[in-house]
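Enquirer: I'd like to ask some things about the structure below.
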Amino acid sequence: MARTVVVHRRTPAEFVEAITKQLEREVPPGHLMYELPVKLIARGNGDALFEILDGTGRIADVHLTWSKSEDRLPWPITTLYPSLTEWAATGMDRDHRTGPVSHEPHLK
């Protein structure tokens with residue numbers, strides 16, 4: 001099976017900032033991600049994985065819609081995990097069972 005590689009012209013810092021701003025743009029009041037401090041840790045086909053920086057260790061798997069404005073609830077669709085380990089055991093496994101995904105290098 002062919003593997004797709006996505007190349008971006010932005011620096012890693014610009015890329016992280018752009019994805020984080022997209023999340024902020026899409027999330028409406030009342031959404032579980034509204035105004036939560038986050039750090040992008042990975043991105044794949046439409047999904048972005050964020051560490052929630054509130055001291056809980058939670059991870060959010062967010063399916064961004066790439067809307068130019070605020071979405072309507074329940075979008076963007078988001079799944080919360082108690083930890084990166086839990087996401088790796090359940091969320092990542094689910095994503096791999098549903099089909100091939102194009103991944104970019106891990107972002108720090």
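Enquirer: Please go through the range 43-67 and pick out each residue that is without any contact (Cβ under 8 Å) to a residue 60 or more places away in the chain, more than 14 Å from V27 (Cβ to Cβ) and assigned to a loop (DSSP other than H, G, I, E, B).
Expert: Selection gives N45, G46, L53, D54, G55, T56, G57, R58.
Enquirer: Going by what's in this entry, would W87 be described as under 14 Å from the mean Cα position of the chain (by Cα), buried (at least 18 other Cβ atoms within 10 Å of the Cβ) and modelled with pLDDT under 95?
Expert: Yes; evaluated as a whole, the condition is true for this residue.
Enquirer: Oh, and also: Specify the residue that is modelled with the lowest pLDDT; the eligible residues are those in the range 50-81 that are closer than 16 Å to T20 by Cβ and among the aromatic types (F, W, Y).
Expert: Here the residue is W66.
Enquirer: Is it fair to say D47 is surrounded by fewer than 18 Cβ atoms within 10 Å (Cβ to Cβ), acidic (D, E) and either under 14 Å from the mean Cα position of the chain (by Cα) or at pLDDT 95 or above (or both)?
Expert: Spelling it out, it is not the case that D47 is surrounded by fewer than 18 Cβ atoms within 10 Å (Cβ to Cβ), acidic (D, E) and either under 14 Å from the mean Cα position of the chain (by Cα) or at pLDDT 95 or above (or both).
The values are calculated or read from the model by the stated rules, or taken from the named source; none is laboratory data. A quick note: this is a predicted structure, and the numbers were derived from the prediction, not measured. A quick note on method: Cβ atoms are made from the backbone with ideal geometry, for glycine too, and the neighbour counts reach across all protein chains shown.
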